[in-house]
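See below for the structure under consideration.
The values are calculated or read from the model by the stated rules, or taken from the named source; none is laboratory data. For clarity, every value in this text was computed on a predicted model and none was experimentally measured. Cβ coordinates were reconstructed from backbone atoms using ideal geometry, including for glycine residues, and neighbour counts include every protein chain displayed.
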Amino acid sequence: MTTHADAAVDVRDLVVRRGRTTVFDGLDVQIPRGRITGLLGPSGGGKTTLMRAIVGVQIVAGGTVTVLGEPAGAPALRHRVAYSTQGASVYDDLTVEQNLRYAARVLGVAASEVPRVIADVGLTRRRTQLAGALSGGQRSRVSLAVAMLGSPEVLVLDEPTVGLDPMLRQSLWAIFRRLADAGATLIVSSHVMDEAMRCDDVVLIHDGRVLTHTTPRGLLEMTGAADPDAAFLALIELDVRGADEHPRRERRRGSAA
């Protein structure tokens, strides 16, 4: 179990409300350093909200989020934490290289970083191609390259493989593994449960609650399931059954995406 002291991200008693909907009501989770942690669960469970809180762009009603020893969103984290949203953050009328050079200027990163990150995501041969002419998977790799500028210590990636074919997903996960092996902390969200097996740790979120925080092997062992999909469904069934047996337990309503 990750302790507060050695966590890259330490979330305590997090409360997030959206209008009359309570997304999180006292959420606790610690993300270990130098590993790939998957935030997994169905759409609407709260994964994106948690990621936004980690990078400091989510309004919170209570609790604390600490990243690398600093409050989430603190100026000191600007070059230490990178965030890649679900949609590819690229300009279609710029080439791959121009997109990266522009991002480097905005971030205050040396231009010499650009060829390195382009090579790291396997787009060197596409560097002069307009982003608008790239495939969906290639655009996702451009967004990942932007997040990699400056070698951030924590990368928060919101569903980076959604809609990609198996080969492209495998390519991106190979990049994630190289980054983690080099010491970076990656937080990767997905609703594709088989991606749990590619992570070092998994945090399963459902209805604004953490159902479990364990390893991929631990996930299968604790449920006796043969695959992550079956394991997650078993945990949801237990969670719903527990709610039915304790009718006074608060049930959240509405989307928590």
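The table that follows gives values for the structure above.
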| item | result |
| --- | --- |
| Qualifying position, being modelled with pLDDT under 95 and surrounded by 19 or more Cβ atoms within 10 Å (Cβ to Cβ), among A147, A72, A119 | A147 |
| Cβ-Cβ under 9 Å pairs, at least 6 apart or on other chains, segment 183-195 side among the charged types (D, E, K, R), far side surrounded by 21 or more Cβ atoms within 10 Å (Cβ to Cβ) | D194/P228; E195/G38; E195/L40; E195/T161; E195/R169; E195/V188; E195/P228 |
| Subset of segment 122-141 [buried (at least 19 other Cβ atoms within 10 Å of the Cβ), over 24 Å from V57 (Cα atoms) and polar (S, T, N, Q)] | Q138 |
| Per-region count, segment 3-41, residues more than 20 Å from D181 (Cβ to Cβ) and either surrounded by 15 or more Cβ atoms within 10 Å (Cβ to Cβ) or charged (D, E, K, R) (or both) | 20 |
| Of the criteria (1) among the charged types (D, E, K, R); (2) buried (at least 19 other Cβ atoms within 10 Å of the Cβ); (3) part of a loop (DSSP other than H, G, I, E, B), which one D92 fails | (2) |
| Residues located in segment 82-99, provided they are under 29 Å from P32 (Cα atoms) and touching a helix residue (DSSP H, G or I) at 6+ places or on another chain (Cβ under 6 Å) | A82, Y83, S84, A88, S89 |
| Unique residue being modelled with pLDDT under 95 and not aromatic (F, W, Y) when the list is R139, R101, R127 | R139 |
| Residue, nearest to M148 (Cα to Cα), within segment 120-136, restricted to residues that are of a type in the set (D, E, K, R) and touching a Leu at 6+ places or on another chain (Cβ under 9 Å) | D120 |
| Members of segment 171-217 that are out of contact with any Asp or Glu (no Cβ under 8 Å at 6 or more places or on another chain) and over 20 Å from V9 (Cβ atoms) | S171, L172, A174, V192, M197, R217 |
| Residue match in segment 185-195 (condition: touching a Pro at 6+ places or on another chain (Cβ under 7 Å), at pLDDT below 90, under 20 Å from M51 (Cβ atoms) and among the small types (G, A, S)) | no |
| Unique residue being among the acidic types (D, E), closer than 25 Å to R169 by Cβ and over 21 Å from the mean Cα position of the chain (by Cα) when the list is D92, D120 | D92 |
| Of the criteria (1) in contact with a Gly (Cβ under 8 Å, 6 or more places away or on another chain); (2) assigned to a loop (DSSP other than H, G, I, E, B); (3) hydrophobic (A, V, I, L, M, F, W, C), which one V65 fails | (2) |
| Where N99 falls short, out of the listed (1) in contact with a Pro (Cβ under 8 Å, 6 or more places away or on another chain); (2) crowded, with 20+ Cβ neighbours inside 10 Å | (1) |
